[in-house]
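J.: For reference, the structure I am asking about is given below.
Please treat every number below as a calculation from the coordinates, not as lab data. The shown structure was predicted, so the numbers you read here are calculated from the model rather than taken from an experiment. Reconstructed Cβ throughout: ideal geometry from the backbone, glycine too, with neighbour counts over all protein chains shown.
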């Protein structure tokens, strides 16, 4: 069974560095590229081996300040790094955000305690789960598979409800397919590459846990 949000401990600091240094960062995070080799080197030497460890250690402002003092890395830089690291964790949103999902489907799923993308992805993942939910809700299994595909795509940072639908209509049905896509989707090249890179990270983490 695969979780909606990836396990950040599966992303090494080296992988995080590689992704960050090659990424066209949003304007508010461009300063992460400043002295990035030196600062990531310091963090690795301090024992930060993976993204999970980094996020946990930077959880509070007090921790951020302590690490800043001990490492010589500015607290403002560490806060930006925390935000960038946190962007790898998928955040669920309501199923109603997907265009084309009938209102009555959303409501009957809510009545069965399936209210958002995470609850659907984790609760309607297997064939058996889909059969059970179809029996309880009256939603055809093909429509459940469609919603599941949309929820899977929504795990990619930058893919919201509308974009997930666009990607789905382009014939891409999963994170795995997105990671190796060559489909022509009308978004900027930079935005598309941004999403593909995230999809590849999710797929790599799935492979590490033996789930694909």
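J.: Just want the ordering: 93, 16, from fewest to most Cβ atoms lying within 10 Å of their own Cβ.
T.: Listing 93, 16 from fewest to most nearby Cβ atoms yields 93, 16.
J.: Could you give the nm distance between label points at residue 19 and residue 35, where each point is 7 Å from its Cα heading toward the beta carbon?
T.: Label-label distance for residue 19 and residue 35, simple model: 2.5 nm.
J.: If we sort 148-156, 136-144 on the protection proxy, mean other Cβ atoms within 10 Å, highest first, what's the order?
T.: Descending packing order for the listed peptides: 148-156, 136-144.
J.: Right, something else. If you average 1/r over every pair of different alpha-carbon atoms in the stretch 8-86 and take one over that average, what Kirkwood value in Å do you get?
T.: Taking the inverse mean of 1/r over all distinct Cα pairs, the stretch 8-86 comes out at 12.4 Å.
J.: Using alpha carbons only, how many degrees (0 to 90, rounded to 10) separate the axis of helix 61-71 from the longest principal axis of the chain?
T.: The helix 61-71 is inclined about 40 degrees to the chain.
J.: While we're on this one: Compute and list, largest first, the equivalent-ellipsoid semi-axes of the chain from the alpha carbon gyration tensor, each √(5λ) rounded to a whole angstrom.
T.: 35, 18, 15
J.: Would you kindly give the portion of the calculated P(r) for the stretch 95-208 that falls above 21 Å, as a percent of all Cα pairs?
T.: Roughly 36 percent, once rounded to a whole number.
J.: Here is a further query. How many angstrom lie between the Cα centre of the stretch 1-72 and the Cα centre of the stretch 114-144?
T.: Cα centroid of the stretch 1-72 versus Cα centroid of the stretch 114-144: 36 Å apart.
J.: Against the longest principal axis of the chain, how steep is helix 13-22, in degrees 0 to 90 to the nearest 10, with axes from Cα atoms?
T.: In the chain, helix 13-22 runs at an angle near 90 degrees to the longest axis.
J.: Fully extended, how many nm does the chain gain between residue 166 and residue 65 (0.36 nm per residue separation, minus their Cα-Cα distance)?
T.: Fully extending the segment from residue 166 to residue 65 adds 32.1 nm.
J.: Can you pull the one-decimal nm distance between simple spin-label points at residue 174 and residue 28, each 7 Å off the Cα toward Cβ?
T.: In this crude label model, residue 174 to residue 28 measures out at 3.5 nm.
J.: Using Cβ counts within 10 Å as a stand-in for footprinting exposure, how do 97, 37 rank, fewest first?
T.: So the residues, fewest neighbours to most, are 37, 97.
J.: Sorted from fewest to most neighbouring beta carbons within 10 Å, what does the list 133, 21 look like?
T.: Neighbour counts put them in this order, fewest first: 21, 133.
J.: Turning to a different aspect of this structure: For residue 191 and residue 56 in the same chain, what is the full-extension length gain: residue separation times 0.36 nm, less their Cα-Cα distance, in nm?
T.: Roughly 45.8 nm would be gained on extension.
J.: Sticking with this structure for a sec: Please determine, in degrees from 0 to 90 and to the nearest 10, the orientation of helix 127-137 with respect to the longest principal axis defined by the Cα atoms of the chain, where the helix direction is its Cα long axis.
T.: For 127-137 against the chain, the angle is about 60 degrees.
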